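Visitor: Have a look at this one before I ask anything.
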Amino acid sequence: MPIPTLTVIDHPLVQHKLTLLRRKETPTARFQEVMRELSQLMGYELTRDLPLEECPVETPLTSFDAPLLTGKKLCLVSIMRAGQGMLDGMRALLPSARIGHIGLYRDQETLTPVEYFFKVPEDIEERLVILLDPMLATGHTATAAVHRLREAGAVSIKLAILVAAPEGLRNFHDAHPDVPVYAAAVDSRLDENGYILPGLGDAGDRLYGTR
Ligand code: URA
């Protein structure tokens, strides 16, 4: 069944860079660099509906009314630790956005999320929140993160991921049908350890060179 709030970003640059991330021989430094570039490209699509207003502008030749962002407040929230890999690129595109962090790890036995850190701006209810996590596997972590953001007052939330599993998309959509999801790819399925196939492996390990 199609997920009504899902946008798969099929731009050739996005797809090319995702393939570079998937390759197991891509080294750590290059992996970080490509994830940053890819996130920045995804940022264009995520911010497509930001409001503009006409403002008077003087060019070297004349005056006219030109579009400028109205100053809609933004907040980028990284689900640690792999979300940090997407944060750099998005932040370069949206330098005035506030930054939040949610520390959640997956219990390897139960695959359920355990929170160890939560810090977001106090005025989060006034901001469009872009939640960042490269992998949507079971969807439990992103689902828990959105619950916590809502408890903190967030009203307007978008989820940006690189690779989603169909199971994760369904679980997330069942819990939060009003949160739009932006992904670079929807892969085949999860393996018995909860990894996405074909996927790109453990995004955190590949970003930081751990195992
Ligand atoms: N988290 C990852 O980093 N990779 C997966 O494939 C699934 C969850």
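Visitor: For q values of 0.09, 0.18, 0.19 Å⁻¹, compute log₁₀ I(q)/I(0) with the Debye formula on a Cα-only model of the chain, without solvent.
Guide: Log10 I(q)/I(0), no solvent term: -0.35, -1.31, -1.46.
Visitor: Going by the alpha-carbon gyration tensor, a ≥ b ≥ c the square roots of its eigenvalues, is region 158-211 rounded (a/c under 1.5) or, if a/c is not under 1.5, prolate (a/b greater than b/c) versus oblate?
Guide: The shape class here is prolate.
Visitor: Report the FRET efficiency, 1/(1 + (r/R0)^6), for residue 189 and residue 125, where r is their Cβ-Cβ distance and R0 is 45 Å, rounded to 0.05.
Guide: With a Förster radius of 45 Å, E is 0.75.
Visitor: What is the P(r) of region 49-145, as percent of Cα-Cα pairs per 10 Å bin from 0?
Guide: 14, 36, 25, 14, 7, 3, 0
Visitor: Further, regarding this structure: If Lys and Arg each add +1 and Asp and Glu each add -1, what is the summed charge of the other residues whose beta carbon sits under 12 Å from the beta carbon of residue 183?
Guide: Values: positive: 158; negative: 10, 45, 133, 187.
After counting each charged neighbour, the total is -3.
Visitor: Something else: Taking every pair of alpha-carbon atoms in region 1-96, give the share separated by more than 23 Å as a whole percent.
Guide: Values: 1963 of 4560 pairs.
That fraction is 43 percent.
Visitor: Another question, if that's okay. Length gain on complete extension for the stretch residue 151 to residue 23, per 0.36 nm per residue less the alpha carbon to alpha carbon distance?
Guide: Result for the pair: 42.2 nm of gain on full extension.
Visitor: Which number do you get for Rg(Cα) / (2.2 N^0.38 Å) in region 122-162? Show your work: numbers first, answer last.
Guide: On the way: Rg = 10.3 Å, N = 41, 2.2 N^0.38 = 9.0 Å.
Taking N as the residue count of region 122-162, the ratio is 1.14.
Visitor: Per DSSP H run of n ≥ 4, the term is -39500 (n - 2.57); total these for the chain, divide by its residue number, and report the mean residue ellipticity at 222 nm rounded to 500 deg cm²/dmol.
Guide: Calculated at 222 nm, the ellipticity per residue is -10000 deg cm²/dmol.
Visitor: On to the next question. Could you compute Rg(Cα) / (2.2 N^0.38 Å) for region 101-211, with N its residue count?
Guide: Details: Rg = 13.8 Å, N = 111, 2.2 N^0.38 = 13.2 Å.
Against the empirical 2.2 N^0.38 Å value, I get 1.05 for region 101-211.
Visitor: Quickly work out the residue 63-to-residue 105 label distance, labels modelled 7 Å from Cα along the C-beta direction, and quote it in nm with one decimal.
Guide: Taking the simple label geometry, residue 105 and residue 63 are separated by 6.1 nm.
Visitor: Still on this structure, I have one more. Among 75, 55, which comes first, second and so on when ranked by fewest other beta-carbon atoms within 10 Å?
Guide: 55, 75
Visitor: Where both residues lie in region 31-176, what percent of DSSP beta bridges are antiparallel, nearest 5?
Guide: 40 percent
Visitor: Could I ask something else about it? Given R₀ = 45 Å, FRET efficiency for residue 210-residue 70 by Cβ-Cβ distance, to 0.05?
Guide: Computed FRET efficiency for residue 210 and residue 70: 0.60.
Visitor: Give 72/158; 17/158; 73/119 a once-over and call out the pairs whose C-alpha atoms are over 19 Å from each other. Mind dumping the intermediate values first?
Guide: Numbers: 72/158 14 Å; 17/158 22 Å; 73/119 17 Å.
With Cα atoms farther than 19 Å apart: 17/158.
Visitor: In Å and whole numbers, how far do the C-alpha atoms of region 8-50 stretch along each principal axis, longest first?
Guide: Here the Cα extents, ordered largest to smallest, are 37, 17, 11 Å.
Coordinate-derived values only; no laboratory data. Owing to the predicted nature of the structure, the values given are computational and were not obtained by experimental measurement. For neighbour counting, all protein chains shown are included, and Cβ atoms are generated from backbone atoms with ideal geometry for every residue, glycine included.
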